[in-house]
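What follows is a short report on a single structure.
The values are calculated or read from the model by the stated rules, or taken from the named source; none is laboratory data. This is a predicted model, so every value here is computed, not measured. Counting neighbours? That spans all protein chains shown, and the Cβs are built from the backbone with ideal geometry, glycine included.
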Amino acid sequence: MNDKNKPLFSDFGPVTKQEWIEKVNIDLKGADFNRKLVWKNLSKIDIQPFYNAEDKKEYLKNTGENSQSLINYRCITTTSEKSGNTLALKAIEEGINGLLFDIKQNVSAKNLLKGIDLTKIAVSFILTTGEVAFATDFFAFIKESNLNKKSLKGYFDLKLISDYVTKGNLDETQFDKVVELVKLSAEYPNFKSVSISGREYLDSGANQVQEIAYTLNSLVFLIEKLTTKEIAVQTIFDNLHFQLAIGSEYFIEIGKFRAFNNLLHEVAKKYNLTIFSHSLTAKTSIWSKSITDANTNMLRSTTEAMSAILGNVDGVLIDAYDKEFNDSTDFSSRIAGNITTILKEESYFGKVSNPVDGSYYIEEVSIKIAEKALELFKEIEAKGGFYEAFESELIQSQIAEIRLEKLKLLSQRRLAMVGVNKYPNLMETVAAGILSDMPSASNSKLLKPRRATLEIEALRKVTENIVAQTNHRPIVELSSFGNLTMRKARAAFAYDFIGVSGFNVQQEKSYASAIEAAETSAKSEAAVVVICSSDEDYDESAMSFVKTFRALNSDKVLLLAGAPSNMDELTKAGLNGCVNMRSDVIETIASIQQKIQQTIKA
């Protein structure tokens, strides 16, 4: 054979997965492979550090199709026909092709939708009053418009499941209203009248497996209710609209949406259905958003939207980045809408047929999520189903377990949130009024969608109250000496760690010796002083630093960056604590604030 015609790399055989693992183990120098490199997700899924063709297995079926006509929703709170219509037309002008009207009072559908081309714009409605009357008026307007029946897209949401899990309200008459809406929309195959939300689970701290399982459990519960009212199962499935939240774990979220579609078809099979038409909307989560350094919410929303689109949703609803602390402005609403437009039109999301199909990693993640979710789904059904599990608080306790684990990881900074527990913006000022108080015990029977950052926000609020009380922001001095490399590294760590508090953390100050550092920092205007150096320097000079410092000042908070071997002796000499990789940010900063407040009172 002529060498010129040889395939490229034909002289090199493929590297097996075992060979890769052997090479990695050599580089690990005896460290445990699973402990060092395998990521254990909070959905109890082990994520390997790499995948190859050997991992290929039977892929999930019915994971959905990448939407070529992705709906970019904007929610419009509707208190009057005129204001609702004005905001709707403005949204369309800005590139929005999906309108979600949150109806707060009786309005005319004809006036509300005036000037809107319903062949191009999807219209959906959150109805909490006069549901049947509005739906009757809406479909009368649609018939009057002579609209192609297949062109009408959207859904009705009566918040039936949402209100039950968050407010404890389960009004039996709501099921009768759903039946009426199903009958009214019968001629419009792409308009859905049976909405089920699962986002309250993720926004209350649940993991992805729980969100899928409980949403499907609530579906079975709803089917049981509606079939007793003589609505066929096929009709129910053809009218289904789901809304799930989008978390911050990018690849896991892609797998979640794919797994959900797969398991929905598995549930349908149990009712002898193989073909049905449903819609799936994804909404950016409340849990992953922050008030401090709020502009980072734009980045979070972007990656969340990306994962949802790649997970094959039909539409996305992106909250404005400042929604958690402000009435959305024209700017923040426009930015939220632009995210999907850019992803779809400029990044070609929604224009490529299932781009993640065949990815070993995502296929593996999708399969594992589906397996775990199906297992939990069956567990809830075996214990009486959705209603019984929620009334007995089984679902709530399972979510609380995961929520506490997530909050612990945040407080230990093992789960990073930019601008919250890592890389805080020290130039930012935040009004105390928009920050959260420390969350108190709430009704264990109800789910409470919330930000993951509430406890850390409460720390910041304490600082802002101190500033209001004293007209002075507490200063933190990073006092360093000794080994250049280590003192720089530990000063940078302390700067990042304590910056979460909202104190005025100054840049590192370097001194020629520990004694000089102690004497100068003891006399400075700083309320908190952090010793920064190497372990060797601590062994030699930390005790001298603490004794010299305390001889000159007994009020200031004195910390050390690192984990010294003689911690007990240093504490007896006057050291207040340490900041290191094992420190809990909430406990540590709360302790610092308490000491500062005591000093202020004295």
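With respect to being surrounded by 13 or more Cβ atoms within 10 Å (Cβ to Cβ) and free of Cβ contacts under 8 Å to residues at least 40 places away in the same chain, residue 107 fits the description. Would you confirm, using the coordinates I've provided, whether residue 400 is out of contact with any Leu (no Cβ under 8 Å at 6 or more places or on another chain), surrounded by 15 or more Cβ atoms within 10 Å (Cβ to Cβ) and touching a residue at least 12 places away in the same chain (Cβ under 8 Å)? Spelling it out, residue 400 is indeed out of contact with any Leu (no Cβ under 8 Å at 6 or more places or on another chain), surrounded by 15 or more Cβ atoms within 10 Å (Cβ to Cβ) and touching a residue at least 12 places away in the same chain (Cβ under 8 Å). Candidates in the range 133-146 are the residues that are surrounded by fewer than 16 Cβ atoms within 10 Å (Cβ to Cβ) and not in a loop (DSSP other than H, G, I, E, B); of these, the one that is farthest from the chain's Cα centre (by Cα) is 144.
Tell me which residues, restricted to the range 249-280, are in contact (Cβ under 8 Å) with a residue 60 or more places away in the chain and charged (D, E, K, R). Residues satisfying the conditions are 249, 256, 258, 266.
Restricting the range 57-82 to residues that are of a type in the set (Lys, Arg) and more than 25 Å from the chain's Cα centre (by Cα), the residue that is farthest from residue 301 (Cα to Cα) is 57.
Results for (1) within 17 Å of residue 463 (Cβ to Cβ); (2) within 42 Å of the chain's Cα centre (by Cα), shown as yes or no for each residue.
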position	(1), (2)
505	yes, yes
508	no, yes
511	no, no
514	no, no
526	yes, yes
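Annotation note: of 183, 159, 150, 167, the sole residue that is basic (Lys, Arg), surrounded by fewer than 19 Cβ atoms within 10 Å (Cβ to Cβ) and over 20 Å from residue 279 (Cα atoms) is 167. Taken over the range 17-62, the criterion of being among the basic types (Lys, Arg), at pLDDT 85 or above and closer than 30 Å to residue 273 by Cα is satisfied by 61 alone. Is it true that residue 560 is surrounded by 14 or more Cβ atoms within 10 Å (Cβ to Cβ) and more than 37 Å from the chain's Cα centre (by Cα)? No. The single condition from (1) more than 28 Å from residue 421 (Cβ to Cβ); (2) without any contact (Cβ under 8 Å) to a residue 24 or more places away in the chain that residue 550 fails is (2).
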